[in-house]
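Colleague: What follows is a structure written as structure tokens; I'll ask about it next.
The values are calculated or read from the model by the stated rules, or taken from the named source; none is laboratory data. Given the structure is predicted, the values throughout are model-derived calculations rather than measurements. So basically every Cβ, Gly included, is an ideal-geometry build from the backbone, and we count neighbours across all protein chains shown. For accessibility, only protein heavy atoms count, side chains too; no ligands or nucleic acids. Shrake-Rupley method; radii C 1.70, N 1.55, O 1.52, S 1.80 Å.
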Amino acid sequence: MTDTRIVPIVMPKWGLSMKEGKVTGWLLEDGSKINVGDAILEVETDKIAGSVEAHEAGVLRRRVGQADTMYPVKTLLGVIADAAVPDSEIDAFVAAYVAPAADEGEEDQGPKFEFADTAAGNLRYAKRGDGAETIILIHGFGGDLDNWLFNIDALGEKATVYALDLPGHGQSSKKLDKPGLGAMKNALAAFMDKLGIGKAHLVGHSMGGAIAMQMAAEHPEKVKSLTLICSAGLGSDIGSYVDEYVAAQGRKDLKPVLEKLFADKSLVSRQLVDDVLKFKRLDGVEPLLKSLAAALFGGGKQADAPGQALAGKLPPTLVIWGKLDEIIPSAHAANLPGAKVHVLEGAGHMVFMEKASDVNNLIKAHVAGA
């Protein structure tokens, strides 16, 4: 009988559309000791690249997947097992492994999309987990809920997690009266009310962080804690990204703009650029983004400072930043007295994607202690 301590490493499913991925390289050698959350190998899809992380501790006993090779989702890539498990059992496990069919085994890892008809319009969202604590993930300017692909499942292991498309973004309604921080905050409140979420841990990235702070300032009864990731609203400085993003009309213009989001520029794939262009060309998107950009970041400065409104009444707050952020200076991380601050090396504005394991662990610990 195969030892139950043998754990398969499989090609992950990042989002509903992912069918296959390419192993770009292993980060560990056979025989390496592995802890939960360790990055084991790197995988690239047509949309994004990322690291496959360990969900179990043990020893990397066998690397099966080959570098620069495409594999379908759920294909066996490697094996983790205790050192005491005989090689013969590892051999037998690898030889007998059959990837489960789509209708077998575990539920798809990609978020299931739903829609909430709110006072701010029809808002798309994903829900993961069923824990006692509720987390809401709030994306930044020009983003959508798919930005949280590396976070939503990990955070949903012990919490109920929602990620939504804000008005004008993703697949949500492309209309918003008086675009600005107040309107976005009202949309978040309407979403919470519609789904019966009385109080939540708010995790906001960039513009989403400013929205979360505004909610905490005006409706503290709705906010259990804040996690602010490369957040707007903590200073006036901001790079040229927003104006360049709004103005970009083609792949040649957009690609270098999107590259500013990452420390590792290779993460901006052709498919990612094409997907953003497709979104920007949807009816209603361009005028709404222009109005929102003018209201929030007109003149190359941040117009709102919701962090100042929280002085003296800050809920438990975690600030996370990528040190190489080209959009909002990482120095802003120190502009919220009383918050716990972590500035991560080797990451840019999308630190929650580039350093997903670190960010997920920080958020889990913060939520548990709030």
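Colleague: What is the extension gain from Gln249 to Asp130, computed as 0.36 nm multiplied by their sequence separation minus the C-alpha to C-alpha distance, in nm to one decimal?
Modeller: 38.7 nm
Colleague: Would you please calculate the Kirkwood hydrodynamic radius of region 154-223 over all C-alpha pairs and express it in Å, rounded to one decimal?
Modeller: In region 154-223 this quantity evaluates to 12.7 Å.
Colleague: Show me, for region 156-161, the HN-Hα J-couplings you get by feeding each phi into the Karplus relation (A = 6.51, B = -1.76, C = 1.60, θ = phi - 60°), rounded to Hz, glycine and proline as x.
Modeller: x, 5, 10, 9, 9, 10
Colleague: Moving on to the next point. Using Cα-only point scatterers and the Debye equation, what is log10 of I(q)/I(0) for region 150-308 at each q in 0.13 Å⁻¹, rounded to two decimals?
Modeller: Here log10 of I(q) over I(0) equals -0.67.
Colleague: For Thr317, what residues show an amide H to amide H distance below 5 Å, using hydrogens built from the backbone and excluding near sequence neighbours?
Modeller: Under 5 Å from the amide H of Thr317: Leu226, Lys340.
Colleague: With a 1.4 Å probe and every protein chain kept in, tell me what percent of the accessible surface of region 25-81 is carbon plus sulfur.
Modeller: Roughly 47 percent, rounded to a whole number.
Colleague: From the gyration tensor of the Cα coordinates in region 26-156, what semi-axes in whole Å does the equivalent ellipsoid have, largest first, with each one equal to sqrt(5λ)?
Modeller: 34, 16, 16
Colleague: In addition: Lys pairs in region 52-181, Cα-Cα under 25 Å, at least 8 apart or on separate chains: how many?
Modeller: Taking region 52-181 as the scope, the lysine pair count is 10.
Colleague: Just going by the charge dipole of the chain, with Lys and Arg at +1 and Asp and Glu at -1 on Cβ, which of Val242, Ala305, Val276 is farthest out on the positive end?
Modeller: So the residue furthest toward the plus end is Ala305.
Colleague: Right, something else. Name the helices (complete DSSP H segments) of the chain with a Cα length along the long axis of 18 Å or more and a Kyte-Doolittle mean of at least -0.5, or state none.
Modeller: Passing helices, by number: 181-195, 356-369.
Colleague: Next up: Check which residues have an amide H placed less than 5 Å from Val223's amide H, if you skip close sequence neighbours.
Modeller: Ala200
Colleague: For a paramagnetic label modelled at 7 Å from the Cα of His342 toward its Cβ, which residues of region 205-235 fall within the zone defined by backbone nitrogen distances under 17 Å?
Modeller: 205-206, 225-231
Colleague: Could you work out the local net charge near Leu288, counting Lys and Arg as +1, Asp and Glu as -1, over the other residues with Cβ closer than 14 Å to its Cβ?
Modeller: Neighbourhood net charge equals +1.
Colleague: What nm distance separates the two modelled labels at Ala67 and Lys278, each placed 7 Å from Cα along Cα→Cβ?
Modeller: In this crude spin-label approximation the distance works out to 3.2 nm.
Colleague: Around Gly198, what is the net charge, scoring Lys/Arg as +1 and Asp/Glu as -1 over all other residues with Cβ under 13 Å from its Cβ?
Modeller: After counting each charged neighbour, the total is +1.
Colleague: To the nearest µm²/s, what D does Stokes-Einstein give for the chain at 20 °C and 1.002 mPa s, using the Kirkwood radius over alpha carbon pairs as Rh?
Modeller: Rounded to a whole number, D works out at 100 µm²/s.
Colleague: Region 223-370: D in µm²/s via Stokes-Einstein (Kirkwood Rh, Cα pairs, 37 °C, 0.692 mPa s)?
Modeller: Value of D from the Cα-based Kirkwood radius: 199 µm²/s.
Colleague: If only Cα atoms are counted, what is the Rg of region 304-370, and what is its Dmax, in Å?
Modeller: 12.3, 33
Colleague: As an exercise, identify the trypsin sites (Lys or Arg not before Pro) in region 277-321 lying in DSSP coil whose Cβ has no more than 16 other Cβ atoms within 10 Å.
Modeller: Sites meeting the loop and neighbour criteria: Arg281, Lys313.
Colleague: May I ask you to rank Lys355, Lys252 by accessible area, largest first, using a 1.4 Å probe over the protein chains only?
Modeller: In descending accessible area the options line up as Lys252, Lys355.
Colleague: Beyond 18 Å, how much of the Cα-Cα pair distribution for region 237-311 remains, as a whole percent?
Modeller: So the portion of pairs separated by more than 18 Å is 49 percent.
Colleague: Name the residue, out of Ile152, Ile48, Ile90, whose mean-square fluctuation peaks in a Gaussian network model built on the chain with Cα pairs under 10 Å.
Modeller: Comparing Ile152, Ile48, Ile90 in the GNM, the peak value goes to Ile90.
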